[in-house]
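Everything below concerns the one structure shown next.
Values in this text are rule-based calculations from the coordinates and carry no lab data. Keep in mind that this is a model prediction, so the values were computed, not measured. Cβ coordinates were reconstructed from backbone atoms using ideal geometry, including for glycine residues, and neighbour counts include every protein chain displayed.
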Amino acid sequence: MSESPPSRGVVYVAWGKAHVDVARRSAASVKTHNPDLPCAIWCAEGDDVSGFDQSFVIPADMTRPKVGALKFSPYDETLYLDNDTMIRADLSSLFDLLQKFDLCGAHVMLWHRPRHRRMWRTEVPETFPEINCGVLLYRRNAATDRFFDDWQAAYDAAGMKIDQPTFRETLWHSDLRFYVLPPQFNKRVFEASELIYSDQPKPRILHMPILRPQKTLFKRWFSNLIR
């Protein structure tokens with residue numbers, strides 16, 4: 001008897017109505033290009049979870065839900081997305097990477113800046129830069145479970161408000177089969193290739209601060225423009 005194919009899905013973590021609303025917009029963009037790909041969200045009890053296929057309540061003792069929830073994905077193969085993302089293409093080839101790798105992510109774009117080279121305990125080579133933890137692809141197995149446990153422990157021990165330095169050092173010490181995604185799967189700027197003809201690969205996943213909950217009229221307008 002042949003085994004059933006692994007389940008695939010997208011996971012978000014959001015706290016507060018404004019952030020859940022932004023995550024819902026991102027999930028809608030997933031569905032536009034990947035109509036059969038389910039989306040789940042971790043959020044506060046009572047939040048509006050319309051637009052998501054599954055929802056889970058963030059436990060009170062989860063010190064960093066973005067870190068703690070990853071291990072408990074309802075899917076065999078998971079794409080974790082920050083809420084300030086927009087999907088622009090079919091993602092099936094992205095998930096196909098998990099036939100060979102345990103965990104995938106993209107480099108921080110401005111990895112050379114001092115704030116992205118912050119050390120906790122281990123002096124890591126500059127040529128092993130931070131990974132942007134807002135787009136993470138992984139499969140559920142013993143290796144990733146152990147990695148997420150180690151990352152959670154490192155995050156709690158470090159006492160930092162940001163999670164990427166401890167992710168970097170935990171990855172450095174791990175034996176995970178890790179792959180660096182092409183930058184088009186975590187595009188941090190809006191480029192001319194979006195507007196005019198270019199032979200450059202077009203972004204598959206936009207991940208930009210302007211997509212976060214916005215207070216100014218212009219930012220809200222621009223955020224809605226690129227849906």
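Brief remarks on what is shown
- Distance (nanometres) between label positions extended 7 Å along Cα→Cβ at His107 and Lys202: 2.6 nm
- Summarising the amide proton neighbourhood of Trp42: residues at separation of 5 or more, or on other chains, whose placed amide H is nearer than 5 Å comprise Tyr12, Val13, Ala14, Phe56.
- Evaluated with a Cβ-only charge set (Lys, Arg +1; Asp, Glu -1), the chain carries a dipole of roughly 860 debye about its Cα centre, given to the nearest 20.
- Pairs of Lys residues in the chain that lie 8 or more places apart, or on two chains, and have C-alpha atoms under 18 angstrom apart add up to 4.
- Burial ordering of His112, His19, fewest other beta-carbon atoms within 10 Å first: His112, His19
- Cα-projected label distance for Phe178 with Arg146, points at 7 Å along beta-carbon direction, nm: 1.5 nm
- Take 84-96, 132-144 and order them by the average number of nearby Cβ atoms within 10 Å per residue, most first; the result is 132-144, 84-96.
- Reciprocal of mean inverse Cα separation for the chain (Kirkwood radius, Å): 18.3 Å
- The string of couplings for the stretch 4-14 from the Karplus curve (6.51, -1.76, 1.60, θ = phi - 60°) is 6, x, x, 6, 10, x, 10, 10, 10, 10, 9 Hz, one whole number per residue in order, with x for Gly and Pro.
- Förster radius 30 Å - calculated FRET efficiency between Ser50 and Asp90 (Cβ-Cβ, nearest 0.05): 0.80
- Helical segments meeting 20 Å axial Cα length and Kyte-Doolittle -1.0 threshold in the chain (DSSP H): 17-33, 142-158
- Candidates Asn83, Asn34, Asn186: whichever shows maximal mean-square fluctuation once the chain is modelled as a Gaussian network with Cα springs under 10 Å: Asn34
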